[in-house]
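Engineer: Have a look at the structure that comes next, please.
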Amino acid sequence: MQFDFQLFSIIATTAYPKECQYTLEQCLEVFRCYFQTYEGYIGRPHPSIKREQITRIMEAMPCIVMEDRVEKLELLDPEDYTFLIDLHFKTQYRECDYNINHFFSGRVREMRLYDVESG
């Protein structure tokens with residue numbers, strides 16, 4: 001992997017939120033999976049992201065707000081991200097650079113979870 005994950009891990013350690021439902025190690029594994037998949041599909045390292053963005057993503061990782069369900073919160077195991085990330089990169093979006101911030105925005109993860117459930 002060309003992305004400097006060691007440097008990213010240092011920054012992520014300082015960004016780790018105190019109330020996160022995942023351990024730091026679990027968060028880092030999700031990030032590693034995303035960045036490796038990004039490089040595999042895009043052919044270059046993922047762009048750097050800000051410390052505040054890292055914190056926001058870590059806070060969002062453990063759950064997805066489901067718009068169309070009675071149970072509004074879907075809790076995810078860190079291992080679930082392997083499938084969701086792969087589906088994300090196989091999905092054709094209009095004007096998407098596949099940045100991790102896009103993946104953790106709006107209903108992207110929710111839609112990929114529906115893909116897993118329907119497939």
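Engineer: With unit charges on the beta carbons (Lys and Arg positive, Asp and Glu negative) and the dipole taken about the Cα centre of the chain, which residue among PHE8, PRO62, SER105 sits farthest to the positive side?
Structural biologist: PHE8
Engineer: Under a plain spin-label model, where a point goes 7 Å from the Cα along Cα-to-Cβ, how far apart in nm are ASP77 and CYS96?
Structural biologist: For ASP77 paired with CYS96, the spin-label model returns 2.5 nm.
Engineer: How large is the charge dipole for the range 1-68, taken about the Cα centre, if only the Cβ atoms of Lys, Arg (+1) and Asp, Glu (-1) carry charge, to the nearest 20 debye?
Structural biologist: Dipole size: approximately 280 debye.
Engineer: If you wrap the chain's Cα atoms in a convex hull and average its projection over all directions, what's the area in nm²?
Structural biologist: Mean orientational projected area (the chain, Cα hull): 7.5 nm².
Engineer: What distance in nm lies between label points placed 7 Å from Cα along the C-beta direction at LYS50 and GLU19?
Structural biologist: In this crude label model, LYS50 to GLU19 measures out at 2.2 nm.
Engineer: Got a sec? Which residues in the range 1-36 would a label at CYS63 touch, if it sits 7 Å along Cα→Cβ and we count backbone N under 13 Å?
Structural biologist: Answer for the range 1-36: 20-22.
Engineer: Treating only the Cβ of Lys, Arg, Asp and Glu as charged (+1, +1, -1, -1), what charge dipole size does the chain show about its Cα centre? Round to the nearest 20 debye.
Structural biologist: The calculation lands at about 420 debye.
All of the numbers you see were taken from the coordinates with simple rules; none came from a lab. The shown structure was predicted, so the numbers you read here are calculated from the model rather than taken from an experiment. Note that we place each Cβ from the backbone using ideal geometry, even for glycine, and neighbour counts take in every protein chain shown.
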